[in-house]
Structure formats: C-alpha cells, structure tokens
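Only one structure is covered here, and it is reproduced in the block below.
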C-alpha cells in the first residue's frame, strides 16, 4: 500500500509539467534587465569619461545659431559688458572660467561662474569690464576644471573669439 | 465575329460566367463554334490586359514604395528636429510643436481610416497628399535658411497632416488594388527595403556634415553668378522630390471603379465624433483604463525622448566619433536594425515566459535608454542603451497587444484597439509641454532622468498590480 502510494507520487511527479510562475519569471527577467542596465551604465566610462576629467576631454563652445555665434559686447563706460552663451560638451563638468577681454586694454577675470556648468548644459554669461578696454577686439575663454582636488586651467581647450558684434 | 465579341465583353463586364454567356449567345442564334472562339479571344485579351494592368500597378507601387523609403531616410524626424533647433527654436518650442504633430497624427489617422473605409477617395487626392508632404520639406529648408520659426512650425504641422493622409490612404489603395498574391516584387521591397532606408539615412547625414555650403555657379547674361546652397537644402530637396514624384506616380494607378457610400465630409466628421464618444467606454472599465494609462505614459516617454535624443547626440558629440549628423545617423541605424529582429524573438519568448513578464521586461529595457543618456553619456553606451530601448519598446508593444486580447472582455477589445492611439494621445497635450519645459529649463539630461524614472515609478507598478490581480483571479 505504501509502495503503491510512493509509486503513484513518483509517476505523478514525472508527469507534473508545471512551469515557472509568472511572478518568478517576472522577477528573473527584471533582474536580467537590471544587470544589462548596469553593464550599459558602466561601458565606456574609463574612455576619458566622468571619473577622470581632463582638459583634453572638454567640449566647450560658444553657441552658434544659424551662422552667428552668440557673443556680443556693449560699450557703456564703467558698465560695459560682454555677453555670450556657452554650450558644454558631454564629458566634463566645467567648474569655472578664466576670461580675458582684449581691446585698447586687457581685462582679466577669474571666478566667472556662480555654479559649475554641467555636462551638456548651456548658460548665458555676462561679464562687466571697465571702460579702459574700449572697443572689444578679442575675447579668450579658458575653462577651469577640478582634477584631484586642484583647479586646473585648460589652456589647450581655450576659446578665442574675434570679430565680436555689438549687443 | 466583332458583334459576338462585343456581346461577350458586355457579358463579362456584367460579371456573368463564360458558360452563361455561351448559353445566352447560343440562344440568340449565334453559332456555337463562333461563340466559343469569340469567348476565347475576348477572355484571352481581357486576361492579358488585366495582367498588364496589374503588372503596371505593381510596378507603380514598387516605385512609390522605393521613393517613400528614400524620402523618409533623407527627411528623418531627427534631422528635422536638429534643423528646427538650428533655426533658432528653443527646446520648449521643439517639444510643443512635436506634441501638436503627434496628437494631430493620432486624431487624423483614425478619421482618415474610417473615411476611406466607407467613402471613395480618388487616387489623385492620395497623390496630392504625398505632393503636399514633399513641399513641406522645401518650406522647412527655406525656414532654416531665413531663420523663420513660424514658417518652420507651419511646415511641420502641415507635413503631419500630409504624411498621415498619404500613409493611411496609400495603405487602403494598396489593399483595394493589389491582391496579396500579386505582390511579388513589392514583398522584396518590404523585406530588403530597410537597407535602402539605412543607406539613405547615412548618405543624408554625410551631406549634412560635409556639404555645409555648396557653391553653384550660374551664367546669367554673360556674368558668372555664384549661389551658395547650404547642404541641408539639398538633402531636404531630395526628400521633397522623392515624395512629390511618389505622389505623382500614385495618381496614375488604375483602379476598379468601386462606388462606395457618398456621405458628405461634414456628416463624416459627425460620425467620427460619435465613434470617439463610444471610445469613452474604455475609461469606464478599470482594467482597460489601467492599460490605457500605462500605454499613454509609455508612449509619452517614447515620443518626448525621440524629440530630443537626436539633438542631444548632435550637440554633445559634435567633435567626437563620426561627428555631427553622422553620429545621430549611426545610433538610429542601429535602432532600426534592432527593431527588425525583435518581433520574432518576442513572439517566441512570450509563449515561453508569459505575456505579463515580457511586458514588464520590455518596460524595464525601455527605461534603460533615457537613463543611459543621463548616467553615462558616451557614444558607445548611448548606442547600447538605444538598442536595448528599441528592443524593449517592441517587446512591450507586442506583449501588450497579446495581453489586451487575453484579459479584456470581447466588447472592450475592439474599442481598445480602435481607440487606443487616440485615447493615449490626447493627454499628450498637457504632459508633453510639461516635459518640454523641464528639458528647456533644467537641461536635456535632467529630462532623460525624469523619463526613465517615470517609466519605473508609474508604468511598472501598474503592470505588476494587474499581473498579481489576474493571477489571484486564476487561482
């Protein structure tokens, strides 16, 4: 009697073809998707990526609309200013800028940005300078990035802009 | 003999069988042999002319299909969005205009499909829709050249009307004129047409990047005048030419004169709104409402994302990889190719794992795409994220279709499939501008983060709850 019971259960087990429940299948598939996502989020990070910002990985530029660069200056004596729209690249946060405004005189300024310029972010920047510069002939914008706790001027990635129109 | 042949032709046009015609003419007193000879001649000519007509129609459809694929390649939506940005549009305006385009397309496609089903639409009208769509590309190129935002917006909106009318009416014309078994060459285009689209996408990107200004010299009254033609004008001209010729070719399709009901256009508008009101039964059923809600949010993420992915890649990787437009083309070519493979895989896996697990899996894969743009924006990871996102969208779409058939009651099922695109698109009028505002103010990377989180927080739990409730019902 007992043997028959075991035999029946054994046969029953061999014919029991219940698959994985939908809940378990869902959890397995979600785990697989999360693993795929983790791989994708980490691929390419070491190729001049976010962990090691260097000056060579910058993509800073003055925004161009149509064929015109968005930069201009206004000569108003002591309240003269240069205004430009910057577009950052997709690799590195830019912590600050060093700007030189060149005309009859040279005006240099550090600590231009009130907060860092994020990745792929744009920002309009206005810099006031003294009237001694006069007609602006050239503007040099040097990005500053933080590397290993120090602020580094990325001279190789500087932007030099000439033929600047009036605002 | 000619009299007999004339009688035979009349009999065939009245859809009488050959036997009936033979009987009729014999009773009229014609010789049996003469009648048989006449029938053989006419049927032979009729058959030959019918075969020639069908072959001619098939060739025209093949040419149309080829030209359309070339046109869609040169006039890709990603290129349009980037050019819109270059015309001076802000990210918010780009989002709003794309919202109008998508909602208009959804509303119009339901209406045009119903209208064409019940009314005769002249092939000339179909051709004109294609020509109108083609001219919109010329308008867009001019708008970009003169930096005119209103003209660009006008071109995009009219283009949306044109492309939907053209697409829906073309499908109906093809169904009415060419039987499935006669589409030998056309099936080849369907199977391998993707190669054409891929090649054209890449060619278009190359022209955008490398032909920034093309000097064209013209002799005017003995003087050499040089016009500078921008590269984008050439590309969009090519797209326009393809659609215009395609529309023109369609107007020569020979079709049978099938007279459908001749309702007026305005009575059709009334019938359309009555149909739309019937769709409100979807929101009365909790299950259907949950599916519609989840579908709407999923659709929003896809549509909003697709407005800006191309722009992000173009701006961020301008001086990296293949550069400019070519980066965008390469990423979206990968997406196109992966979309081919997915339907086959999904059907098999849905049988193995079940519809709900595949739907949830597809949704999670979809979330990976925007999250990659935020967390790890480099070309390689974006390419991988895009492939996963496209595969996920296809899996989720197919599984949702199967699921709707399984869990919705029969009376709701038809309404769901008819009205789903309409009901999911209407909320976009509010949600898309909000998303566009977020992108404009906080940056595209923040928008992509929001899109990814939206899928995981709003869509995934809904599917999970429906799945658990269905399982409990089954137990």
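A short reminder: the numbers here are calculations on the coordinates, not readings from a lab. The structure displayed is predicted, hence computed values, not measured ones. Backbone-built Cβ (ideal geometry, glycine too); neighbour counts: all protein chains shown.
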Would you calculate the convex hull of the Cα atoms in region B:282-335 and tell me its volume per residue in Å³?
75
In whole Å, what is the distance between the alpha-carbon centres of region A:106-167 and region B:304-323?
25
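Rounded, prolate or oblate: which fits region B:18-107, taking a ≥ b ≥ c as square roots of the Cα gyration tensor eigenvalues, rounded meaning a/c under 1.5, else prolate when a/b beats b/c? Walk me through the numbers on the way to the answer.
Working: a/c = 10.63, a/b = 3.93, b/c = 2.70.
Because a/c hits 1.5 or more and a/b exceeds b/c, region B:18-107 counts as prolate.
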Using a 10 Å cut-off around each Cβ, can you sort B:210, A:98 from fewest to most neighbouring Cβ atoms?
B:210, A:98
Subtract the Cα-Cα distance of residue B:192 and residue B:124 from 0.36 nm times their separation in residues, and report this length gain in nm to one decimal.
21.6 nm
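If you count, for every residue in B:377-383, the Cβ atoms of partner chains within 10 Å of its Cβ, what is the mean? Intermediate results must be reported in sequence, preceding the final value.
Values: counts 8, 9, 3, 5, 9, 4, 3.
That average works out to 6.
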How many angstrom separate the Cα center of region B:424-452 from the Cα center of region B:102-161?
25
